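Bear in mind that the values in this text are calculations on the coordinates, not laboratory data. Small disclaimer: the values here were computed from a predicted structure and weren't measured. Cβ: placed from backbone, ideal geometry, glycine included. Neighbour counts: every protein chain shown.
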Amino acid sequence: MTTETQRNEAPDSSDSSVFINVFEIDAAELDEFVVNWEQRALLMREKPGFIDSRMHRARSSSSRFQLVNVSHWESQEAWEAATADPDFASRTQSAREQTKQPITPNPGVYYVVVELTAP
């Protein structure tokens, strides 16, 4: 193995976790959804274990997943506790109901198995 590539084994529960959520959403509804997402993200930022979060927008309106959220948490348990907040759940449900076209989130918690750096 070179210094440019690292492979990681399954983490223990104390390792940081990456929450990734890709959204199938109509391109016409993106701007409003992003504004509302930011308000929900600000709520999560205050939760114990939160590290950072970024929302990525597709450059092409024909991309299947128009938005990709990547958030880092100190552990999966911290993420689970944060998302169990009733206020967060209510805001998330409301966001799905406010759009004309259905929004399909595809959330999951991940850990890094291969990491590459520039040579």
Grab the eigenvalues of the alpha-carbon gyration tensor for region 66-119, scale each by 5, take roots, and send me the semi-axes largest first in whole angstrom.
-> 27, 18, 8
How large is the helix-only mean residue ellipticity at 222 nm for the chain, computed as the sum of -39500 (n - 2.57) over DSSP H runs with n ≥ 4, divided by its residue count, in deg cm²/dmol to the nearest 500?
-> -9500 deg cm²/dmol
Only Cα pairs under 8 Å and at least 6 apart count here; give the relative contact order of the chain as a rounded whole percent.
-> 47 percent
Which semi-axes, in whole Å and largest first, does the equivalent ellipsoid of region 39-101 have when worked out from the alpha carbon gyration tensor as the square roots of 5 times its eigenvalues?
-> 23, 17, 9
What angle, in degrees between 0 and 90 and rounded to the nearest 10, separates the Cα long axis of helix 86-97 from the longest principal axis of the Cα atoms of the chain?
-> 60 degrees
Relative to the present Cα-Cα distance, how much length would full extension add between R96 and M55 at 0.36 nm per residue of separation?
-> 13.1 nm
Arranged from highest to lowest average of other beta-carbon atoms within 10 Å per residue, in what order do the peptides 90-102, 107-119 appear?
-> 90-102, 107-119
Report which label in (1) 28, 13, 12; (2) 58, 19, 12; (3) 28, 20, 11 holds the value of semi-axes √(5λ) of the Cα gyration tensor in Å derived from the coordinates of this structure.
-> (3)
About its Cα centre, what dipole magnitude does the chain give when the only charges are +1 on Lys and Arg Cβ and -1 on Asp and Glu Cβ, stated in debye to the nearest 20?
-> 420 debye
